[in-house]
Amino acid sequence: MSLLEVNKLVTEFDTDEGVVRALDEVSFSIEPGDTLGIVGESGCGKSVTALSIMRLLPQPIGRIVSGEVLFKGQNLAGLAIPEMEAIRGNDIGMIFQEPMTALNPVHRIGKQLTEGLMLHQSLSAQQATVEAVKILDRVGIPSPDIRMGEYPHQLSGGMRQRVVIAIALVCKPALLIADEPTTALDVTIQAQILELIKDLQAEMGMSVIMITHDLGVIAETCNKVVVMYAGKVAESANVIDLFEHPAHPYTQGLLSSIPRLETPPKSRLPIIEGMVPGLRDLPPGCRFSNRCSHASNVCTQSVPQSQLVSENHTVSCTRWPQL
Amino acid sequence: MASAMTNPLLQVDNLNMYFPVREGLMLRAKTFNRAVDGVSLQINPGETLGLVGESGCGKSTLGRCIARLYKPSAGTIRFQGEDITHMSARALRPFRQNIQMIFQDPMESLNARHTVGDILAEPFIVQGIGDSAFRSKRVAELLNTVGLPARSATRYPFEFSGGQRQRIGIARAIALNPKLVICDEPVSALDVSIQSQILNLLVDLQSEFNLSYLFIAHDLAVVKHISDRVAVMYLGNIVETADSEIIYRDAKHPYTQSLIAAIPVPDPQRRAQRIIIQGDVPSAINPPTGCHFHPRCPRAEARCKAEKPVLRELGNTQFAACHLASG
């Protein structure tokens, strides 16, 4: 059984201009020990996917309309709030992009760390403090016992993100969801944090969902990848297949458009024309059709179905066999 | 490319920008944030100098000093041979045509209450160039140059996407045919597929109008892509400069090496066993003694703690400020 199986998940939001469908039949699965990358540009639904799994969609405007989120066989989409609260932070941890907004500025680090332990694992305040110091030490915070009594603003950005990771992992979850965990950090700090997540994963045997817009981060950390575009899964594959044999024109375009250290300076970068459509004015048929250089009539007439490219590699492109 | 024969367009020598840190009841400045500390550089006509470094290294402050949005504490800035370091706002006005800026966040740098046409006409009004018919003709030309439809002139910034807004910011920057454009993280806020569109546009405009760029960014792959030469900053100092081809193949300074090693490579087959430097960037208010990088440097020796290294030529127009680097 997969650790997490997301099945035809549909999430909608109420807006002033009517209902928008932020996720449209999104499916993927994660096995124990996997690091699954979800990659895509702003508005593709990668963060909404994380919030849907965690049942943290903004209320009352966001909701899961249909589909399943099976975590260890249990459908999280149908759970009552108290049942979900028992899982959130205990079996599934989450790291957010901006460590300053993820931490409560008026509570000491120690309080924010021990809260989960006392709530989920019924530890006494003393036991929880011991555990909290241990995890702070493990994520590389110097003099952790002193830091326990400090406030988030007393730490640097990289240190804050280490604290956020410590909070997410203090209950030893089976699944960690990391939503752009390094986007707000400098590149040398990013390298430290990615390495830390990798080490902790190996140590604790958990699975990770790594949400990012950075294909470099995906290539460095993940073994499976889901590429999302405008609320749909465009392609999913293991990481080597995806980078070596991208099947979807969008994936191909993304991979060829990033400047790399080895491209000659001032050469023209291949581009994807146009921009990501808003969820209210999607083109008919394939959502990428208005930007795709391979698009033909058939692409605007029918919604592409997921097709098998090879084992564990699927693509949602009608014209894929001819490309 | 740099040549001894051409006069540099911009020549910066020993530039300092110290911000006072005011404390106490009397708000006396006892200490200073040395955001830019003794920086020298030059940019030749038609050339792009990339300026790369982590947050707080002083790269944006340096850009703003050169655009004379700040008044530098010491040093000189010469533009086409003329010293503009201490010029008054009035004396600077003719130079402002020649030095323009593009900012990271086009939403914050465009006036939300003005139409795009007003925003693009403003540089002409400020400089007293042309009548209103001339201005609307130029606005239409500019929109066309940056790849936006002419009808954009009557719309407001919020009606555009991030990439389109950055095109508006670029159109404003090139409106007066400047010689130097300071681009401060122009693509950092944009999506991957839009980044490449904007980078291509900047390269095209450069060859069309013979622009020089100071291209400030934290992403070394982007900087290397667009620049002829690259300067690496750390805590207010330039620690290495070289041709962009050379710097990524043969970086001499340990900080440049670790910056390059830290970039996640979009190739899962080449997962690097990289050297990750530890620690955070220290504060520029109280920087480490000697070489500012020594507390994080894997190669630091006793001398690095005591003695501050200066930029040394290591051959092939490559300079590094490191006691241990060799050519």
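The values are calculated or read from the model by the stated rules, or taken from the named source; none is laboratory data. Note that this is a predicted model, so its numbers are computed, not measured. Cβ coordinates were reconstructed from backbone atoms using ideal geometry, including for glycine residues, and neighbour counts include every protein chain displayed. Areas reflect the complete protein model, heavy atoms only, side chains present, ligands, DNA and RNA absent. Shrake-Rupley method; radii C 1.70, N 1.55, O 1.52, S 1.80 Å.
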Requested in this report: Being more than 29 Å from B:TYR255 (Cα to Cα) and of a type in the set (D, E, K, R) is the filter here, so list the residues in the range B:181-220 that pass it.
Outcome: B:ASP204, B:GLU208
Query raised in the report: Where residues in the range A:275-290 are without any contact (Cβ under 8 Å) to a residue 40 or more places away in the chain and surrounded by 14 or more Cβ atoms within 10 Å (Cβ to Cβ), which of them is farthest from the other protein chains (Cβ to nearest Cβ)?
Result: A:GLY285
Query raised in the report: Does the range B:254-273 hold any residues that are open to solvent by less than 50 Å² (accessible area, probe 1.4 Å) and facing chain A (nearest Cβ under 7 Å), and which are they?
Result: B:SER258, B:LEU259, B:ALA262, B:ILE263, B:PRO264, B:VAL265, B:PRO266, B:ASP267, B:PRO268
**Report entry** Qualifying residue in the range A:157-171 (condition: without any contact (Cβ under 8 Å) to a residue 12 or more places away in the chain, of a type in the set (Gly, Ala, Ser) and open to solvent by 20 Å² or more (accessible area, probe 1.4 Å))
**Finding:** no
Report task. Could you look through the range B:197-213, keep only residues that are in contact with a Lys or Arg (Cβ under 8 Å, 6 or more places away or on another chain) and facing another protein chain (nearest Cβ under 7 Å), and pick out the one that is nearest to A:TYR250 (Cα to Cα)? Result -> B:ASN200
Report task. Scan the range B:184-193 for residues that are within 7 Å of chain A (Cβ to nearest Cβ) and open to solvent by 10 Å² or more (accessible area, probe 1.4 Å) and jot them down. Result -> B:ASP191, B:VAL192
Query - Members of the range A:291-309 that are surrounded by 12 or more Cβ atoms within 10 Å (Cβ to Cβ) and within 27 Å of the chain's Cα centre (by Cα) - result: A:ARG291, A:CYS292, A:VAL303, A:PRO304, A:SER306, A:GLN307, A:VAL309
Requested in this report: Being open to solvent by less than 10 Å² (accessible area, probe 1.4 Å), within 11 Å of another protein chain (Cβ to nearest Cβ) and not in a helix (DSSP H, G or I) narrows it down to one of A:THR182, A:THR188, so name that one.
Outcome: A:THR182
Query raised in the report: Looking at the range B:214-239, which of its residues are open to solvent by less than 10 Å² (accessible area, probe 1.4 Å), assigned to a loop (DSSP other than H, G, I, E, B) and either within 11 Å of chain A (Cβ to nearest Cβ) or farther than 23 Å from B:ASN286 by Cα (or both)?
Result: B:SER227
**Report entry** Residue that is nearest to A:SER236 (Cα to Cα), among those in the range A:12-42 that are part of a loop (DSSP other than H, G, I, E, B) and open to solvent by less than 50 Å² (accessible area, probe 1.4 Å)
**Finding:** A:GLY40
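A quick yes/no check of all residues on (1) touching a Pro at 6+ places or on another chain (Cβ under 6 Å); (2) assigned to a helix (DSSP H, G or I); (3) aromatic (Phe, Trp, Tyr); (4) over 30 Å from B:ARG22 (Cβ atoms):
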| position | (1), (2), (3), (4) |
| --- | --- |
| B:ALA242 | no, no, no, yes |
| B:ILE247 | no, yes, no, yes |
| B:ALA251 | no, no, no, yes |
| B:ILE275 | no, no, no, yes |
| B:GLN278 | no, no, no, yes |
| B:SER283 | no, no, no, no |
| B:ASN286 | no, no, no, no |
| B:THR289 | no, no, no, no |
| B:PRO295 | yes, no, no, no |
Report task. Answer with yes or no whether A:ALA230 is aliphatic (A, V, I, L, M) and on the phi > 0 side of the Ramachandran plot. Result -> yes
Query raised in the report: Which residues, taken from the range A:242-260, are modelled with pLDDT under 90 and either more than 16 Å from A:VAL217 (Cα to Cα) or open to solvent by 30 Å² or more (accessible area, probe 1.4 Å) (or both)?
Result: A:ARG260
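Listed here are the residues, each with its yes/no results for (1) within 14 Å of chain A (Cβ to nearest Cβ); (2) buried (at least 23 other Cβ atoms within 10 Å of the Cβ); (3) of a type outside the set (Gly, Ala, Ser).
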residue: B:GLU141; (1), (2), (3): no, no, yes
residue: B:LEU148; (1), (2), (3): yes, no, yes
residue: B:ARG155; (1), (2), (3): no, no, yes
residue: B:GLY169; (1), (2), (3): no, yes, no
residue: B:ASN177; (1), (2), (3): no, no, yes
residue: B:ILE182; (1), (2), (3): no, yes, yes
residue: B:GLN195; (1), (2), (3): yes, yes, yes
Report task. Hey, can you tell me all the residues within the range A:191-210 that are touching a residue at least 12 places away in the same chain (Cβ under 8 Å), away from chain B (no Cβ under 14 Å) and open to solvent by 10 Å² or more (accessible area, probe 1.4 Å)? Result -> A:GLN201, A:MET204, A:GLY205
Query raised in the report: Can you pull out the residues in the range B:35-60 that are of a type in the set (Gly, Ala, Ser) and within 12 Å of another protein chain (Cβ to nearest Cβ)?
Result: B:GLY46, B:GLY50, B:GLY53, B:SER55, B:GLY56
Query raised in the report: Restricting attention to the range A:225-237, does a residue exist that is closer than 23 Å to B:ILE276 by Cβ and either assigned to a helix (DSSP H, G or I) or touching a Ser or Thr at 6+ places or on another chain (Cβ under 7 Å) (or both)?
Result: no
Query raised in the report: Can you tell me which residue in the range A:215-233 is farthest from the other protein chains (Cβ to nearest Cβ), limited to those that are touching a strand residue (DSSP E or B) at 6+ places or on another chain (Cβ under 8 Å) and farther than 13 Å from A:THR49 by Cβ?
Result: A:LYS224
Query raised in the report: What single numbered condition from (1) at pLDDT 95 or above; (2) under 23 Å from A:ASP186 (Cβ atoms) fails to hold for B:ASP105?
Result: (1)
Requested in this report: Looking only at the range B:240-253, decide whether some residue is within 23 Å of B:VAL223 (Cβ to Cβ), facing chain A (nearest Cβ under 9 Å) and open to solvent by less than 10 Å² (accessible area, probe 1.4 Å).
Outcome: yes
Query raised in the report: Within the range B:169-176, can one find any residue that is closer than 30 Å to A:THR251 by Cα, of a type in the set (Val, Ile, Thr) and out of contact with any Ser or Thr (no Cβ under 8 Å at 6 or more places or on another chain)?
Result: yes
Query raised in the report: What about A:THR263, is it buried (at least 16 other Cβ atoms within 10 Å of the Cβ) and either on the phi < 0 side of the Ramachandran plot or not charged (D, E, K, R) (or both)?
Result: no
Report task. Kindly provide the set of residues from the range A:71-112 that are among the β-branched types (Val, Ile, Thr) and either surrounded by fewer than 17 Cβ atoms within 10 Å (Cβ to Cβ) or over 19 Å from A:GLU150 (Cα atoms) (or both), ordered by number. Result -> A:ILE81, A:ILE87, A:ILE92, A:ILE95, A:THR101, A:VAL106
Report summary line: Contact list, first residue from the range A:251-273 and more than 7 Å from chain B (Cβ to nearest Cβ) and in contact (Cβ under 8 Å) with a residue 12 or more places away in the chain, second anywhere and open to solvent by 60 Å² or more (accessible area, probe 1.4 Å) and of a type outside the set (D, E, K, R), beta-carbon distance below 7 Å, six or more apart or interchain, is A:SER256/A:PRO270
